[in-house]
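Heads up: the structure comes next, in structure tokens.
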Amino acid sequence: MAGYRRIKKVFQSQHTVEGAGVHLHRAFGYPEVPMFDPFLLLDDFHSSNPADYQKGFPWHPHRGIETVTYMLKGRVRHGDSMGNHGVIGPGDMQWMTAGRGIIHEEMPDDDSGELWGLQLWVNLPKANKMMQPRYREIKAAQIPKFRTPDGTEIKVIAGRINGDQGPVTDIICQPEYLDITVPGEHKFEYPVKKDHTVFAYVLKGDGIFDASGRLCTPGQAVLLENGDTVRVKTKDEMRFLLISGKPIGEPIAWQGPIVMNTQEELRTAFMQYRQGTFLD
Ligand code: FE2
């Protein structure tokens, strides 16, 4: 349906423990497949207590997906089997395409204060699941930022607005990934491709996305119905991620960090990992 997108469903992020013992909040994941297609999972790790995050995510494999990490506070160190090393800090992001296989670690670089980051998993279609892995690190200064006349600030991480192309390009599902801050008591409208999956993830402040009047609050993923415009009316200053992508529409076989199309492909991946031939 064309027009303003209405809310399909709101997901309150839930506490979970991942990696070597990282306490985080998951907005959506395995049980929600395929509602967010092409997106698989969104984790929000946010804590001022180092015990919640310092164990990090030691070496583990991925295949068949892309992972997108966006830091808001604190720093995370990354190393992978392709020889990439880097530290991402506030406002930085990394876009990692596992493709046929990558083994990496993601660890807090400084475990003394507040850490806040988000990790999104983006599925790859069958034709790209076994592509060569790649890794991109984008510093905050490389991310175009602009302000509308009414004071709304938009950071374009992926996608294009008014000719400003975000630094993350050539991603398979043609995503848009925006970090938007709207002043209080404002209306914000944004055009989207009408058949793409679109959701908002609220970071701060409250707002209303459709005529139901439902107030959406921090920690909620707001999945929207099809339509060509997203509209939000803010109560107070509101910051949210607005993420969209082209649905893949293929079968999903998912176990832990590996997402393929069939159980057979999953079995092969785990067997290769055990036998040490995963990266061959
Ligand atoms: Fe990972």
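The values are calculated or read from the model by the stated rules, or taken from the named source; none is laboratory data. Since this is a predicted model, take the numbers as computed values, not measurements. Quick reminder, even Gly has a Cβ in these numbers, built from the backbone with ideal geometry, and neighbours come from all protein chains shown. Side chains included, ligands, DNA and RNA excluded: accessible areas come from the protein's heavy atoms. Shrake-Rupley method; radii C 1.70, N 1.55, O 1.52, S 1.80 Å.
Taken over the stretch 126-169, the criterion of being of a type outside the set (S, T, N, Q), closer than 23 Å to His85 by Cβ and out of contact with any strand residue (DSSP E or B) (no Cβ under 9 Å at 6 or more places or on another chain) is satisfied by Ala141 alone. Here Gly99 passes the criteria (1) surrounded by fewer than 16 Cβ atoms within 10 Å (Cβ to Cβ); (2) in a loop (DSSP other than H, G, I, E, B) except the one numbered (1). So, in the stretch 53-71, how many residues would count as being without any contact (Cβ under 8 Å) to a residue 40 or more places away in the chain and more than 15 Å from the ligand (Cβ to nearest atom)? Here the count works out to 0.
A residue that is of a type in the set (Lys, Arg) and modelled with pLDDT under 95 occurs somewhere in the stretch 129-137.
So which residues in the stretch 112-148 are of a type in the set (Phe, Trp, Tyr) and within 16 Å of the ligand (Cβ to nearest atom), if there are any at all? Spell out the reasoning first.
If we filter the stretch 112-148 for residues that are of a type in the set (Phe, Trp, Tyr), which is where we start, we get 116, 121, 135, 146.
Answer for the stretch 112-148, where residues must be of a type in the set (Phe, Trp, Tyr) and within 16 Å of the ligand (Cβ to nearest atom): Trp121, Tyr135.
Rundown of residues vs (1) closer than 13 Å to Gly117 by Cα; (2) open to solvent by less than 20 Å² (accessible area, probe 1.4 Å), yes/no style:
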{"residue": "Leu42", "(1), (2)": "yes, yes"}
{"residue": "His46", "(1), (2)": "yes, no"}
{"residue": "Pro50", "(1), (2)": "no, no"}
{"residue": "Gly64", "(1), (2)": "no, yes"}
{"residue": "Thr69", "(1), (2)": "yes, yes"}
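Residues that are assigned to a loop (DSSP other than H, G, I, E, B) and within 21 Å of Phe36 (Cα to Cα) within the stretch 107-156 comprise Leu124, Pro125, Lys129, listed in sequence order. Working only within the stretch 156-167, note down all residues that are open to solvent by less than 50 Å² (accessible area, probe 1.4 Å) and either at pLDDT 90 or above or within 23 Å of Met96 (Cβ to Cβ) (or both). Answer for the stretch 156-167, where residues must be open to solvent by less than 50 Å² (accessible area, probe 1.4 Å) and either at pLDDT 90 or above or within 23 Å of Met96 (Cβ to Cβ) (or both): Val156, Ile157, Ala158, Gly159, Gly166, Pro167.
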